[in-house]
Amino acid sequence: QAKSMGRNTLCFFDPAMQSAMTANARTGSDLRSGLRRGEFLLYYQPQVDRAGVITGVEALLRWNHPERGLIPPSEFIPVAEDTGLILPLGQWALETACAQLAAWARRPETANLSIAVNVSVRQFRHPDFVDLVMACIRNSGIRPQRLKLELTESLLADRMEITIQKMGMLKALGVTLSLDDFGVGYSSLSVLKRLPLDQLKIDKAFVADVLTDPNDAAISRAIIALAQSLSLQVVAEGVETVEQRDFLTYQGCDQFQGYLFSKPLPIEQLDALLANPMAGMVVM
Ligand code: C2E
Ligand code: MG
Ligand code: MG
Ligand code: MG
């Protein structure tokens with residue numbers, strides 16, 4: 001008892017640990033005030049079909065920090081998850097995406113676009129999550145299929161039954177469900193076929209080396225074949241070159257997302273691209 005207490009005390013006063021904790025706490029309260037001051041925004045990255053036509057976008061959070069400038073999610077999502085701030089932040093992202101869908105619904109040229117919103121495990125597990133999604137759909141008046149929720153494979157690590165049940169409730173609302181970063185986790189075929197999914201996203205780590213690493217080529221091929229046999233749509237993320245796109249197209253991939261087509265864009269730039277798609281499209 002005394003020994004473990006002693007170890008804890010020692011640990012607490014470890015200078016490296018102490019400064020890490022302070023940095024973390026600072027970012028946490030920084031995050032909270034950032035939310036209050038409305039410093040977060042969504043960037044949107046186009047997703048294109050096999051013909052190169054934009055069918056939708058993925059919404060990606062950015063933090064426009066008054067001193068530090070634009071901060072990518074890798075620098076604040078982990079803190080948001082640890083502190084629970086991912087809940088209000090995720091809710092804000094969901095509401096903002098739905099408001100954008102509602103704005104697009106008013107013009108026939110943009111009425112069929114979808115927005116994919118990333119959902120962290122902690123958000124998904126929250127007892128009010130289904131109600132939140134329902135309220136967002138109802139308040140914005142959007143067609144639910146236009147809203148795509150990107151879930152991660154780590155959801156499938158445990159509590160399978162409740163996860164499947166909750167996914168079923170989301171499907172019952174009419175939303176589209178996608179499994180993000182597919183291939184890096186452990187989902188087995190038998191698990192996958194029980195999930196009410198619409199789409200798999202091939203992780204960009206496989207796409208990156210699809211032409212140079214035979215293993216990554218084989219994995220990408222297998223994911224596409226798996227998706228096809230389960231009647232799921234398959235999207236490749238992180239497509240940067242024409243050669244990667246061509247390889248994936250040949251294998252039967254349905255949709256593509258990556259710097260080859262467009263980086264994530266602020267809404268004004270995305271709307272400009274949608275108004276004149278040929279201007280922004282580098283490749284056909
Ligand atoms: P993700 O959902 O897998 O998103 C794809 C990431 O790949 C994005 O990074 C995107 O900018 C990047 N990307 C797209 N095309 C390319 C490409 O051609 N090459 C390369 N190298 N990268 C590309 P980003 O925007 O930094 O987001 C990172 C992660 O942060 C996301 O990964 C997602 O897991 C998380 N995230 C972003 N927004 C949210 C959010 O609203 N809620 C939650 N829970 N997580 C979010
Ligand atoms: Mg995603
Ligand atoms: Mg992804
Ligand atoms: Mg990824």
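The values are calculated or read from the model by the stated rules, or taken from the named source; none is laboratory data. This one's a predicted model, so the numbers in the text were calculated from it and none came from an experiment. Methodologically, a virtual Cβ is constructed for each residue, glycine included, from the backbone with ideal geometry; neighbour enumeration extends over all protein chains shown. When the accessible area is computed, the model is the full protein with side chains, heavy atoms only, and any ligands, DNA or RNA have been set aside. Shrake-Rupley method; radii C 1.70, N 1.55, O 1.52, S 1.80 Å.
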Check your understanding: Looking only at residues in the stretch 183-207 that are assigned to a helix (DSSP H, G or I) and out of contact with any Gly (no Cβ under 6 Å at 6 or more places or on another chain), which one is farthest from residue 167 (Cα to Cα)?
Key -> 205
Review point. Somewhere in the stretch 84-97, is a residue out of contact with any helix residue (DSSP H, G or I) (no Cβ under 8 Å at 6 or more places or on another chain), buried (at least 20 other Cβ atoms within 10 Å of the Cβ) and outside any helix (DSSP H, G or I)?
Key: no
Practice item. Report yes if residue 75 is within 16 Å of ligand 4 (Cβ to nearest atom), loosely packed, with under 14 Cβ neighbours inside 10 Å and of a type in the set (Asp, Glu), otherwise no. Key: yes
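Could we say that residue 50 is open to solvent by 20 Å² or more (accessible area, probe 1.4 Å), more than 16 Å from ligand 2 (Cβ to nearest atom), modelled with pLDDT of 95 or more and of a type in the set (Lys, Arg) here? Before you say what the answer is, go through the steps one by one.
Working: open to solvent by 20 Å² or more (accessible area, probe 1.4 Å): yes; more than 16 Å from ligand 2 (Cβ to nearest atom): yes; modelled with pLDDT of 95 or more: yes; of a type in the set (Lys, Arg): yes.
When the stated conditions are applied, residue 50 passes them.
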Practice item. Within the stretch 108-124, identify whether any single residue is away from ligand 3 (no atom under 16 Å from the Cβ) and modelled with pLDDT under 95, and answer yes or no. Key: yes
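Among residues belonging to the stretch 196-239 that are of a type in the set (S, T, N, Q) and open to solvent by 60 Å² or more (accessible area, probe 1.4 Å), point out the one that is nearest to residue 252 (Cα to Cα). Don't jump to the end; show me each part of the working.
Just the residues of the stretch 196-239 that are of a type in the set (S, T, N, Q), to begin with: 199, 212, 215, 220, 228-229, 231, 233.
When the remaining residues are screened for being open to solvent by 60 Å² or more (accessible area, probe 1.4 Å), the result is 212, 215, 228-229, 231, 233.
Numbers: 212: 19, 215: 18, 228: 9, 229: 12, 231: 12, 233: 10 Å.
The qualifying residue nearest to residue 252 (Cα to Cα) is 228.
Check the stretch 134-157 and report whether any residue there is of a type in the set (S, T, N, Q) and out of contact with any helix residue (DSSP H, G or I) (no Cβ under 9 Å at 6 or more places or on another chain). Show your work before the answer.
Initially, the stretch 134-157 is screened for residues of a type in the set (S, T, N, Q), giving 139-140, 145, 152, 154.
Now restrict to residues that are out of contact with any helix residue (DSSP H, G or I) (no Cβ under 9 Å at 6 or more places or on another chain): 145.
Within the stretch 134-157, one or more residues are of a type in the set (S, T, N, Q) and out of contact with any helix residue (DSSP H, G or I) (no Cβ under 9 Å at 6 or more places or on another chain).
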**Study point:** Check on residue 242, of a type in the set (A, V, I, L, M), open to solvent by 40 Å² or more (accessible area, probe 1.4 Å) and either on the phi > 0 side of the Ramachandran plot or within 13 Å of ligand 1 (Cβ to nearest atom) (or both)
**Key:** yes
